[in-house]
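Structure first, then comments.
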Ligand SMILES: Cc1ncc(COP(=O)(O)O)c(C=O)c1O
């Protein structure tokens, strides 16, 4: 230890060099600092972040039990791509997606293929790439043009699909949602699909509202289109949230591999898969729907193992956490956790509906997520952004935002109920919503609206 460091160590903590000065922001500091000092600076600055448990905007897991933390701590150095170095982690990844294939009713789980990803976004991109490549192969085999692929989906898709289309040169064909068609539901689908359509995306748990898109109805519309035109268009189910809710809470709903037309399904392990951020999954019902020329080989136990991913290195710990949660909860445990979240969502949406100022867009009976709007004509003095700000003052993050294209005049506010929002906390939240609504209703003149804009993006 240098004399300078010994001296630093003895100095009062917040008067030390480093802590007593402004931490560098854009340039790597010239000198090292004591680990305690560096940690203190990071801790202090992140103290200003919100409390993740009070964040009702995110779908992403913010609570796991102590054993999960231990699994995490023991594994955070594992790199998922090092299959040869961590063969058991690789084997566990395999087990997890097989379990998902089975949960999603793959007709022959052994014939399916899947992988973990960093999240649903990567999983969706892989599914989109498989669609595009399959379509290109089929078109080339017939000597047809492959320069204008398009993907059909609702205007309320999550931004990852817009990214996919932008990054991989696919035309997005967005079917607008409306008051009459709150989700993509198959109506008028024949106006959007053609010989260049690589697939249709159906969302189980629309990000804006939490509603399920009726996958069976969409599949039926595509069946009719096939009968009329011969076009055989596959479906990818973006089940970022719903693919880990529907199997437990709506087991009779047919949205998954029970529908022949569903080629692939993705989900976020880090949403209702109940794992901390950094995990997604995608499964194809049959290997034949994942073209071979998208797959790369990495070394594994002296041989090789197929991989399909956008990233190379990424954390392996989340995959182990997923396996831990699968073992820990089993089917019954998952059902209990998800049912509790749904009961809490229904409790909250019921309470919010009773306040009198709001109309529910939906009530949380698909995934435990719901949105509401101000009742037409209720007030000229305030809007949902004001309510969002009032709640923020109490620590709650309950985002208000405009609906997507064609409904952008409509502002909604949304709550995502996750594992960890206890009924007590939910009751506190409802009481705060009631109090703040009463406060805003009591105003005698309008709140300022200048510079109001959504701080939240999908
Ligand atoms: C329907 C849907 N798809 C995809 C995503 C992207 O998921 P991730 O954040 O895991 O990349 C989300 C995220 O909210 C989503 O709701």
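By other beta-carbon atoms within 10 Å, ranking 292, 406, 366 with the fewest at the front produces 292, 406, 366.
Per the Cauchy relation, a quarter of the hull surface: what is the mean projected area of the convex hull of the alpha carbons in the chain, in nm²? Please report the intermediate quantities before stating the final value.
Values: hull surface 109.8 nm².
For the chain, averaging the hull's shadow over all directions gives 27.4 nm².
Distance between the modelled labels on residue 394 and residue 58, one decimal in nanometres: 2.2 nm (7 Å Cα→Cβ projection). Per-residue extension of 0.36 nm, minus the Cα-Cα distance of residue 36 and residue 298, leaves a gain of 90.3 nm for this segment. Its Cα gyration tensor gives region 203-301 an equivalent ellipsoid; the semi-axes, largest first and in whole Å, are 24, 22, 10. Please report how far the C-alpha centroid of region 71-135 lies from that of region 163-177, rounded to the nearest whole angstrom. Taking the Cα centre of each part, region 71-135 and region 163-177 sit 25 Å apart.
Modelled label positions at residue 229 and residue 167, each set 7 Å beyond Cα in the direction of Cβ, lie 2.8 nm from each other. Region 67-325 gives an Rg/Rh value of 0.97, both radii derived from C-alpha positions and Rh following Kirkwood. Footprinting exposure proxy ranking of 223, 232, fewest other C-beta atoms within 10 angstrom first, gives 232, 223. By the beta-carbon count within 10 Å of each Cβ, the least crowded to most crowded order of 174, 184, 126, 231, fewest first, is 231, 174, 126, 184. Across region 328-390, counting alpha-carbon atoms alone, Rg and Dmax equal 15.2, 51 Å. Annotation for residue 359 and residue 425: the two label points, set 7 Å from Cα along the Cα-Cβ direction, are 3.2 nm apart.
Of all beta bridges that DSSP places with both ends in the chain, some 60 percent have antiparallel geometry. Across all Cα pairs in region 159-255, the calculated P(r) in 10 Å bins from zero up to the longest distance comes to 15, 46, 34, 5 percent per bin. Dividing the radius of gyration of the alpha carbons in region 333-441 by their Kirkwood radius gives 0.97 for Rg/Rh. All C-alpha to C-alpha distances of region 1-155, sorted into 10 Å bins beginning at zero, yield P(r) values of 7, 18, 22, 23, 15, 10, 4, 1 percent in whole numbers. Relative contact order of region 292-436: 19 percent, from C-alpha pairs under 8 Å at least 6 residues apart in sequence.
A full extension of the chain between residue 381 and residue 445 corresponds to an added length of 22.4 nm, given 0.36 nm per residue minus the alpha carbon distance.
Dividing the radius of gyration of the alpha carbons in region 263-348 by their Kirkwood radius gives 1.07 for Rg/Rh.
Contour minus end-to-end for residue 179 and residue 435, with contour as 0.36 nm per residue of separation and end-to-end as the Cα-Cα distance?
89.2 nm
Relative contact order for the chain: 20 percent, from Cα pairs under 8 Å spaced at least 6 residues apart, divided by residue count.
Normalising the average separation of contacting C-alpha pairs (under 8 angstrom, six or more residues apart) by the number of residues puts the relative contact order of region 67-325 at 31 percent.
Taking the centroid of alpha carbons for each part, region 277-350 and region 382-430 are 28 Å apart.
Each reported figure results from applying straightforward, stated rules to the coordinates on display, with no laboratory input. All values derive from a computational prediction rather than experimental measurement. FYI the Cβ positions are ideal-geometry reconstructions off the backbone, even for glycines, and counts take in every protein chain you see.
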